[in-house]
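Asker: Dropping the structure in here first, questions after.
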Number of protein chains: 2
Amino acid sequence: MKDSRRQKQLEQFVQKLGLASEASVDWSLLDLALTHHSISRKENNQKLEFVGDAVVRLLAAEVLLATYPEAPVGELSAVRSILVSDRVLAQFAASYGLQRYLLFVNHSSMNKGGQISLLADTFEAVLGALYLSTQNMALIAPWLTPMLQDKGEKIRRDPALENYKDALQEWTQAEYKILPEYRVQENQQVLEEERFTAEVWLEDRHLATGNGRSKKTAEQAAAKKAFLAVAAG
Amino acid sequence: MKDSRRQKQLEQFVQKLGLASEASVDWSLLDLALTHHSISRKENNQKLEFVGDAVVRLLAAEVLLATYPEAPVGELSAVRSILVSDRVLAQFAASYGLQRYLLFVNHSSMNKGGQISLLADTFEAVLGALYLSTQNMALIAPWLTPMLQDKGEKIRRDPALENYKDALQEWTQAEYKILPEYRVQENQQVLEEERFTAEVWLEDRHLATGNGRSKKTAEQAAAKKAFLAVAAG
């Protein structure tokens, strides 16, 4: 670590996570995890994100299995797909004020989706750095397990809070090893809220139909109906 | 463990993995990992598979990063997607004769694809059981790391051995966060080998075109050209 101010910043972040012992944190890795590729094309957090993406999937699987030993695995897969989505990971990141520790070149033009990705990717990179520091979940499970439990419970009670297309896809993959297909039609003659009609199919089986003012909202509406019917039903 | 013959069988399997210490294996979990849902709808390996799927992704990420520190992350993602595919995991499973330890109701009618899934799923379940035995990779890394390195090197030299559609998708996801789209046309007027023509697109960008005697082979041919051009090029 070159810079003692940066070191202080990283220590402050680790304290925020509430880790009792910081002795085993690899500070160089954590520094890298909090360095965006807009700062350096070579020394940035993209590879740690590649590891961290698998870390959060693994911990989420463990936590869901331990918390809901009786739940069907298709349902746990669906909940996990939402738990590890950019949207949820960005919420976790924001709750620790992660953006304040990230070194990056600010594009004032960045849209909401870009901000969510940035936070989620950085969060995954931090998980990658903490995992590689000890080769286990010792620096992660203590603070992330309760977050995954809380959020998992909310999603389980109402997956509508989140993304039904992801949830449905995770379900059909786990159960049938195939992906749902969407067929969308536009009809200019109807009310704007029903302009698009999406059908979701699983091979030859029509699962559900939904409407919306955009292709995306129509697909989400169809996915929601299908998910509630086949997965949560 | 109810049955001492089964216990012997499990110990024999663990010895095959070449593990120096078996003391930390959770034998009940390993027994469950080697019990297919055709034997019991309740006590089977599906939940361990859910954990194991994340275990192999994580270890593959670690191994690829350590082995190819200079490779672009998009390329490592593409290699990983092939490494964790059913086809490769089934090969790993077969090399340990995993099918001999699996309790399941044999369907003599099972096709090749079904056998590959069965082996790959069981392999993941075994990884889940070994991971949960110690909460780390201690029972897995010693034997799986060299297999991932060998296979990873083969894939890196010639991804043609494996599945280009998966590889391309992993690449576009990692680099652009979008999926490639395939547009296929059938033409009955041409040679059988060129009956189907598939174009692969990334949003508005036409990546490549391929032909084949089926929709699937045409898509693979298009994916191969695109992957070699954008990812490995």
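The values are calculated or read from the model by the stated rules, or taken from the named source; none is laboratory data. Just so you know, these numbers come straight off a predicted model, no measurement behind them. Backbone-built Cβ (ideal geometry, glycine too); neighbour counts: all protein chains shown.
Asker: Does residue B:75 qualify as being of a type in the set (Asp, Glu) and either under 21 Å from residue B:151 (Cα atoms) or buried (at least 21 other Cβ atoms within 10 Å of the Cβ) (or both)?
Answerer: So residue B:75 fits the description; yes.
Asker: Return yes when residue A:94 is away from chain B (no Cβ under 14 Å), under 21 Å from the mean Cα position of the chain (by Cα) and hydrophobic (A, V, I, L, M, F, W, C) and no when it is not.
Answerer: yes
Asker: Answer yes or no: is there a residue in the stretch B:70-79 that is modelled with pLDDT under 95, facing another protein chain (nearest Cβ under 9 Å) and within 30 Å of residue A:75 (Cβ to Cβ).
Answerer: Yes; the residues of the stretch B:70-79 include at least one that is modelled with pLDDT under 95, facing another protein chain (nearest Cβ under 9 Å) and within 30 Å of residue A:75 (Cβ to Cβ).
Asker: Sticking with this one: Filter the stretch A:139-167 for residues that are modelled with pLDDT under 95 and not in a helix (DSSP H, G or I); which is nearest to residue A:17 (Cα to Cα)?
Answerer: The extreme case among them is A:162.
Asker: Scanning for something farther than 20 Å from residue A:124 by Cα, assigned to a loop (DSSP other than H, G, I, E, B) and touching a residue at least 60 places away in the same chain (Cβ under 8 Å), does the stretch B:77-91 turn up at least one residue?
Answerer: Yes, the stretch B:77-91 contains a residue that is farther than 20 Å from residue A:124 by Cα, assigned to a loop (DSSP other than H, G, I, E, B) and touching a residue at least 60 places away in the same chain (Cβ under 8 Å).
Asker: Here's another thing I want to ask about it. Got a number for residues in the stretch B:170-211 being polar (S, T, N, Q), out of contact with any strand residue (DSSP E or B) (no Cβ under 7 Å at 6 or more places or on another chain) and surrounded by 11 or more Cβ atoms within 10 Å (Cβ to Cβ)?
Answerer: The number of residues fulfilling the criteria is 1.
Asker: Next up: Has the stretch B:173-196 got any residue that is assigned to a helix (DSSP H, G or I), among the β-branched types (Val, Ile, Thr) and within 22 Å of the chain's Cα centre (by Cα)?
Answerer: Initial filter on the stretch B:173-196 (assigned to a helix (DSSP H, G or I)): B:173-176, B:192-194.
Going one step further and asking which of them are among the β-branched types (Val, Ile, Thr), we end up with none.
No, the stretch B:173-196 contains no residue that is assigned to a helix (DSSP H, G or I), among the β-branched types (Val, Ile, Thr) and within 22 Å of the chain's Cα centre (by Cα).
Asker: Of the conditions (1) in contact with a strand residue (DSSP E or B) (Cβ under 7 Å, 6 or more places away or on another chain); (2) assigned to a helix (DSSP H, G or I); (3) modelled with pLDDT of 75 or more, residue A:217 fails just one. Which one is it?
Answerer: (1)
Asker: Next question, about the same structure. Looking for whichever is more than 10 Å from chain B (Cβ to nearest Cβ), crowded, with 21+ Cβ neighbours inside 10 Å, under 13 Å from residue A:147 (Cα atoms) and among the aliphatic types (A, V, I, L, M) here; the options are A:89, A:64. Which one fits?
Answerer: A:89
Asker: May I pose another question? Does residue B:152 fit the bill of being buried (at least 20 other Cβ atoms within 10 Å of the Cβ), under 20 Å from the mean Cα position of the chain (by Cα) and not aliphatic (A, V, I, L, M)? Working first, answer last.
Answerer: On the way: buried (at least 20 other Cβ atoms within 10 Å of the Cβ): yes; under 20 Å from the mean Cα position of the chain (by Cα): yes; not aliphatic (A, V, I, L, M): yes.
Judged against the criteria, residue B:152 is a match.
Asker: Conditions: (1) within 14 Å of another protein chain (Cβ to nearest Cβ); (2) within 22 Å of residue A:39 (Cα to Cα); (3) within 13 Å of the chain's Cα centre (by Cα). Residue A:83 meets all but one. Number of the miss?
Answerer: (2)
Asker: Turning to a different aspect of this structure: Please pick out the residue among B:43, B:62, B:22, B:11 that is of a type in the set (Asp, Glu) and under 26 Å from residue A:52 (Cα atoms). Explain how you work it out, then say what you get.
Answerer: Numbers: B:43 fails: under 26 Å from residue A:52 (Cα atoms); B:22 fails: under 26 Å from residue A:52 (Cα atoms); B:11 fails: under 26 Å from residue A:52 (Cα atoms).
None of the other options fit; the residue is B:62.
Asker: Have a look at A:112, A:47, A:16 and point out the one that is surrounded by fewer than 12 Cβ atoms within 10 Å (Cβ to Cβ) and among the basic types (Lys, Arg).
Answerer: A:112
Asker: Collect the residues in the stretch A:25-44 that are modelled with pLDDT of 90 or more, acidic (Asp, Glu) and surrounded by fewer than 21 Cβ atoms within 10 Å (Cβ to Cβ), keeping them in residue-number order.
Answerer: Selection gives A:26 alone.
Asker: For residues that are touching a Phe, Trp or Tyr at 6+ places or on another chain (Cβ under 7 Å) and within 14 Å of residue A:127 (Cα to Cα), scanning just the stretch A:20-51, find the one that is farthest from the other protein chains (Cβ to nearest Cβ).
Answerer: Top of the filtered list is A:34.
Asker: Can residue B:43 be described as more than 24 Å from residue B:227 (Cα to Cα), of a type in the set (D, E, K, R) and touching a residue at least 24 places away in the same chain (Cβ under 8 Å)?
Answerer: no
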